[in-house]
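What follows draws every value from the coordinates through simple rules; no lab data is involved. This structure is a prediction, so every number in the text was calculated from the model and none was measured. In this analysis, Cβ positions are derived from the backbone assuming ideal geometry, glycine residues included, and neighbour counts consider all displayed protein chains.
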Amino acid sequence: MISIGDFVQNQKTGRLGRVIGYGHQILNNVYETTLKVQLEDNHEIAEDLFSAWTVKP
């Protein structure tokens, strides 16, 4: 399980950052959980589906 404060990497883009929150998107009439991540390289906030992120040690 990914938690707030975890260091994660986006599997599609390779970008790294820390989880700062959760969100959701509606895809095909289904709520999908997203992660809000503050990116390491420029401190922007990225949001993508939970399944797009992996925890980095």
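Taking the simple approach of a point 7 Å from Cα along Cα-to-Cβ for both residue 18 and residue 40, what is their distance in nm? Between residue 18 and residue 40, the simple spin-label model gives 1.2 nm.
The charge dipole of the chain, taken about the Cα centre with unit charges on the Cβ atoms of Lys, Arg (+1) and Asp, Glu (-1), comes to about 100 debye, rounded to the nearest 20.
Placing pseudo-labels 7 Å out from each Cα toward the beta carbon at residue 31 and residue 49 gives an inter-label distance of 1.8 nm.
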